[in-house]
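J.: Before anything else, here's the structure in question.
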Amino acid sequence: MAPRKKCPLCGSKQWHKNSTTGLVTCSEGHVLQNYINESGEADDVGTHTMKKRTLKSNRKGKERASRADPKLYHGQRARFHYYQCLQLLFRNQIAALVALWDLPSEFETICRDLWALHLNLIPNPPPAEPFHHSQEQDGYKLEPDEAKSMHSSPGKPRTEGHTNSQENTAAMFDASSSSSDDERLDPEIAVLLQEDSEISASDEGSDNEEGRPNKMHTETKNPFVSRADRPENTISVLVLACWTIRLPVVYRDFINVIESRSLPYLDYARFLPMSLTRHLTKHAVQALSPHYAPRTLSLHRLASRLANRLYGTFDILIPELNAGPVLWRVVQQCFSGTLTSIF
């Protein structure tokens, strides 16, 4: 840029720069002395500047790094791991019932078969997590269509009708409320089951020494699990397994052994090995740690819903309750003796 000052010889303020020689002259042709032309562009940057830029770039990279615990599982991998813990609970429950009620060895086989069918009937079955995780570790990502096909049944093409049917089933399962279940129940049975649940709640409240309001059966929403993923589904499978071998048991029998802690169920996350609990998030731990036994009416809904789906999907008919021995037990408890001693 030309200087803004007068020429010392002629006093002119009009300056012109020669693009060829680089000299600055006034309108009269006098050459300006001691003029230095500086450029703002630098071709060579010093080591200090380069080092400063490098440190700034590393600092930004550290700020963007994730602070999540790498040991905790999330997504489909977390769901598969949750079902691993739930299946361990189910195995311990089977072993406890076999020892508690002196059940035959075939009981374990029936429970495993019913559990496998139950997993196939839930709206969103557990994924094949080890396969997907190994593929992700190798840098391979499944396409959306390929990921959907992995959840379809093996050996059968996944058609559009099958997809819509499964989505409708999931929506019906989640949207089914307690009021709709009560409408399908016999009114007298619904009243009896509700009374049994209220009696159990009042007994629990009477045992509260501190006089606090009873919080039994208060269901807190957990975003990690749905109704089909809760631990109480294992009890419904055990109920159907007992009825399959014609064992004369009722819902109250399972609730009693749960409340007495003879059957593993309450706060079960504490008894899981450390190799499993270190990968569980707080929501998964809460889902595996129910503080109260399930209600009688809730167990009836789950067991009846599972029995209906087993019959409608696989044509498996669960036998009715073995009412004879159950009535004998009721009469014996009511009269505090046997029928022969009464008559």
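The values are calculated or read from the model by the stated rules, or taken from the named source; none is laboratory data. Here the structure is a predicted model, which is why all the values come from computation and not from measurement. Note that each Cβ is placed from the backbone with ideal geometry, even for glycine, and that neighbours are counted across all protein chains shown. For the accessible areas, the whole protein counts, side chains as well, though only heavy atoms, and no ligand, DNA or RNA atoms are used. Shrake-Rupley method; radii C 1.70, N 1.55, O 1.52, S 1.80 Å.
J.: Using mean Cβ contacts within 10 Å as the protection proxy, how do 265-275, 85-95 order, highest first?
T.: Final packing ranking: 85-95, 265-275.
J.: What ranking of Asp315, Asp253 comes out by heavy-atom accessible area, probe 1.4 Å, highest first?
T.: Result, largest first: Asp315, Asp253.
J.: Moving to a separate point now. With all protein chains present, calculate the accessible area of His16 using a 1.4 Å probe and round the result to the nearest 10 Å².
T.: 110 Å²
J.: Continuing with this model, one more query. Over the heavy atoms of Leu327, what accessible area does a 1.4 Å probe trace out, to the nearest 10 Å²?
T.: 110 Å²
J.: Moving to a separate point now. For Arg305, Arg295, Arg278, write out the residues from largest to smallest accessible area, computed with a 1.4 angstrom probe and no ligands counted.
T.: Accessible-area ranking of Arg305, Arg295, Arg278, largest first: Arg278, Arg295, Arg305.
J.: Between Leu9 and Cys334, what length comes free when the chain is fully extended (0.36 nm per residue of separation minus the Cα-Cα distance, one decimal in nm)?
T.: Computed gain between Leu9 and Cys334 is 103.9 nm.
J.: Keeping all protein chains in place and using 1.4 angstrom, which order do Leu317, Leu263 fall into by accessible surface area, from largest down? Display every interim value, and only then the final one.
T.: On the way: Leu317 130, Leu263 5 Å².
Heavy-atom accessible area, descending, gives Leu317, Leu263.
J.: For segment 226-343, with every protein chain kept in place, what is the accessible area per residue (1.4 Å probe, Å²)?
T.: Accessible area per residue: 50 Å².
J.: To the nearest 10 square angstrom, how much accessible area does Lys13 have with a 1.4 angstrom probe?
T.: Near enough 130 Å² of accessible area.
J.: I want to make sure I understand the PRE zone here: with the label point 7 angstrom from the Cα of Lys282 toward its beta carbon, which residues in segment 222-254 have backbone N atoms less than 11 Å away?
T.: none
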